[in-house]
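A short worksheet on the structure shown next.
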Amino acid sequence: MVTKRNNIKNFTRQNLREWFKKNEKPQISTKPFRADQIFKWLYQKRVESFDKMLNIGQGTREILENHFYVCSLKVSNKFKSRDGSIKFQILLDDSNIIETVFLPHKNHNTICVSSQVGCAMGCDFCMTAKMGLIRNLNPSEIINQIFAVRKELPNAKNIRNIVFMGMGEPFHNYKNLMQALEILTDEHGFNFSHRRITVSTSGLLPKIKIFGFEKIKANLAVSLNGVTNAVRTKLMPVNKSYNLEKLIKACSEFPLESRKRITFEYVLIRGLTDSIEDAKNLIKLLHGLKFKINLIPYNSTPSSKYDSPSPEQARMFQKYLLDHKIIAPLRISKGQDIQGACGQLAVENMRRIEYLI
Ligand code: SF4
């Protein structure tokens, strides 16, 4: 009888221990440290087959081989920006394509990962929204994006931050997100600090409410983008279900570790969200919260419906916030020449538009 093999990277260490316990056989050592060892081989030594796991006995390796497989993902295309950021197209087993972005900084690097193929949230300024939701990524597809980038960039040593700001709404794929976070932060797994992982949501309130009480305390970012319900609903349909008042209340109740803040992302769109009046209202709206604001000038393309703000207006907006002692970095230009905004590459590729690299 042929056994259906499981993708081992969809298992947390706890899941794997439980599997060993349930499938106890004389030739398998079911001691908990077996799962610890396997995790180290997979995530720290990054081996891609069980026969390379040298301190695991032959009998156990055979059992692993019969019941599991180790999968990896392949980069199908990459687009390098003049500013050093690289957008990778990654091919999934079912031929869907997701995108992962590598963002270099002076002393460290950040990887921006996707959590879904497409997205159901329908944000009006986002190219991924045009795909609709195709499917959720499983935990292995989430974490394998990091392996794929590392393989492509063996010299990019210091990958310090992981941000869930690629394709998809991570809280719409909550269970798989939490499993991926468990593997990423596991001391026998990737061993990333939870303080260096940020999950960005469009504002799915029920999940914001539970996320703060999970045992893994990753950072929360909220995509805000409008300071009135009318503007936010126009840009983000999720605001119809969870309006600004409810969203801000949930953020005020979100438990923060010391010296941590919620990050609000705010897209500056010419004539819609970039006035000084908007900046004033933004301060009023967030009053009382511990926060910072990432200002993201909208990256307009020939087919987009909105316009980028002028650089002067973006700077004036930022200055107004800085003058009011608000932390408000202006995220200008990372990857603009490679369609750096969320989801743009995948959709444009679906339309078979060719890019200059
Ligand atoms: S901005 Fe994010 S949440 Fe909104 S549609 Fe795009 S991927 Fe989804």
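The values are calculated or read from the model by the stated rules, or taken from the named source; none is laboratory data. Treat the numbers as computed from the prediction; the structure is a model and nothing was measured. Virtual Cβ from ideal backbone geometry, glycine too; neighbours counted across all protein chains shown. Keep in mind that these areas ignore ligands, DNA and RNA; they rest on the heavy atoms of the full protein, side chains included. Shrake-Rupley method; radii C 1.70, N 1.55, O 1.52, S 1.80 Å.
Could you list, bin by bin from short to long, the percent of Cα-Cα pairs of the stretch 7-69 in 10 Å steps?
Here the calculated profile for the stretch 7-69 is 23, 64, 12.
For the stretch 190-196, just list the computed ³J(HN,Hα) in residue order, Karplus coefficients 6.51, -1.76 and 1.60, θ = phi - 60°, integers in Hz, with x standing in for Gly and Pro.
5, 6, 7, 6, 4, 6, 9
How much accessible area does S241 have with a 1.4 Å probe, in Å² rounded to the nearest 10?
Accessible area of S241: about 70 Å².
Evaluate 2.2 N^0.38 Å with N set to the residue count of the stretch 46-103, then give the Cα radius of gyration divided by it.
Numbers: Rg = 16.8 Å, N = 58, 2.2 N^0.38 = 10.3 Å.
Compactness ratio reported: 1.64.
What does the charge count near D274 come to, summing +1 for each Lys or Arg and -1 for each Asp or Glu among other residues with Cβ under 11 Å from its Cβ? Spell out each step's value before the answer.
Details: positive: R270, R315; negative: E277, D278, D307, E312.
Here the charged neighbours net out to -2.
Taking only Cα atoms and a 10 Å spring cutoff, compute GNM fluctuations for the chain and point out the largest among G271, G203, G168.
Fluctuation is largest for G271.
Per residue, how much accessible area does the stretch 151-210 have with a 1.4 Å probe, in Å²?
Details: 2420 Å² over 60 residues.
Heavy-atom SASA per residue in the stretch 151-210 reads 40 Å².
Output the relative contact order of the chain, whole-number percent, from Cα pairs under 8 angstrom with separation of 6+ residues. List each step's numbers first, then the result.
Working: 639 pairs, mean separation 54.1, N = 357.
For the chain, the relative contact order is 15 percent.
Quick one: Cα centre-to-centre distance for the stretch 50-95 and the stretch 260-338, in angstrom?
38
Among all the aspartates and glutamates, which ones have a C-alpha under 12 Å from K87's C-alpha, if same-chain residues fewer than 8 places away are not counted?
Candidates past the 8-residue exclusion: E99, E152, D337.
Hey, any idea what Rg/Rh is for the stretch 1-118, computing Rh the Kirkwood way over Cα pairs?
Values: Rg = 17.9 Å, Rh = 16.7 Å.
My calculation puts Rg/Rh at 1.07.
Order the following by accessible area, largest value first: H194, H188, H287, H324. Probe radius 1.4 Å; ligands, DNA and RNA are ignored.
Numbers: H194 60, H188 30, H287 155, H324 90 Å².
Of H194, H188, H287, H324, the descending order of accessible area is H287, H324, H194, H188.
Provide the descending list of Cα extents for the stretch 74-350 along its principal axes, expressed in whole angstroms.
Principal extents (largest minus smallest coordinate, Cα): 47, 43, 37 Å.
For an R0 of 25 angstrom, estimate the FRET efficiency from the Cβ-Cβ distance between S76 and N155 and round to the nearest 0.05. Please list the in-between numbers first.
Numbers: r = 21 Å, r/R0 = 0.86.
Given R0 = 25 Å and the Cβ-Cβ separation, E is 0.70.
Rounded to the nearest 5, what is the percent of antiparallel bridges among the DSSP beta bridges in the chain?
Numbers: 19 of 43 bridges.
Approximately 45 percent, going by the DSSP bridge assignments.
Seen from all sides and averaged, what is the projected area of the convex hull of the Cα atoms in the stretch 88-218, in nm²? Walk me through the numbers before you get to the answer.
On the way: hull surface 32.9 nm².
Average projection, Cα convex hull of the stretch 88-218: 8.2 nm².
So for M131, M165, what's the accessible-area order with a 1.4 Å probe, most first?
From most exposed to least exposed: M165, M131.
With a 1.4 Å probe and every protein chain kept in, tell me what percent of the accessible surface of the chain is carbon plus sulfur. Can you show the working numbers first?
On the way: 8710 of 17080 Å².
Carbon plus sulfur share of accessible area: 51 percent.
Straight-line reach only, C-alpha to C-alpha below 20 angstrom: list the aspartates and glutamates that K4 could link to, leaving out same-chain residues fewer than 8 apart.
The reachable aspartates and glutamates, counting only those whose Cα sits under 20 Å from K4, are E18, E24, E48, D51, E62, E65, D93, D94, E141.
Take the Cα pairs of the stretch 178-241, get the Kirkwood Rh, then feed it into Stokes-Einstein at 4 °C and 1.567 mPa s and tell me D in µm²/s. Display every interim value, and only then the final one.
On the way: Rh = 13.2 Å.
Value of D from the Cα-based Kirkwood radius: 98 µm²/s.
How big is the accessible area of D93 in square angstrom, nearest 10, if you roll a 1.4 angstrom probe over the protein chains?
130
Taking the Cβ of R46 as the centre, find all other residues whose Cβ is under 9 Å away and add up their charges (Lys, Arg: +1; Asp, Glu: -1). Let's see the in-between values first.
On the way: positive: K45, R150, K151; negative: E48.
Residues close to R46 contribute a combined charge of +2.
Check the straight Cα-Cα distances from K130 and name the lysines below 18 Å, setting aside those fewer than 8 residues away within the same chain.
The reachable lysines, counting only those whose Cα sits under 18 Å from K130, are K234, K305.
If I stretch the segment between K246 and K22 completely, what's the gain in nm (0.36 nm per residue apart, minus their alpha carbon distance), one decimal? Intermediate results must be reported in sequence, preceding the final value.
Numbers: separation 224, 0.36 × 224 = 80.64 nm, distance 4.42 nm.
Contour length minus Cα-Cα distance gives 76.2 nm.
With the cut-off at 1.5 for a/c, could you classify the stretch 172-309 from its C-alpha gyration tensor as rounded, prolate or oblate?
prolate
Which entries in K22/K260; K9/K207; K175/K319 show an alpha-carbon gap greater than 31 Å? Intermediate values should be presented prior to the final figure.
Details: K22/K260 41 Å; K9/K207 24 Å; K175/K319 40 Å.
Table pairs above 31 Å Cα-Cα are K22/K260; K175/K319.
Please report the accessible area of F254 (heavy atoms, 1.4 Å probe, ligands and nucleic acids excluded) in Å², nearest 10.
Near enough 20 Å² of accessible area.
State in Å² the accessible area per residue of the stretch 7-69; use a 1.4 Å probe, count heavy atoms of protein chains only, and round to the nearest integer.
Values: 3380 Å² over 63 residues.
Per residue, the stretch 7-69 has an accessible area of 54 Å².
Run lengths n ≥ 4 of DSSP H only: what is the helix-derived mean residue ellipticity at 222 nm for the chain, with -39500 (n - 2.57) per run over all residues, to the nearest 500? Walk me through the numbers before you get to the answer.
Numbers: 12 runs with 111 residues, N = 357.
Theoretical 222 nm ellipticity from helices: -9000 deg cm²/dmol.
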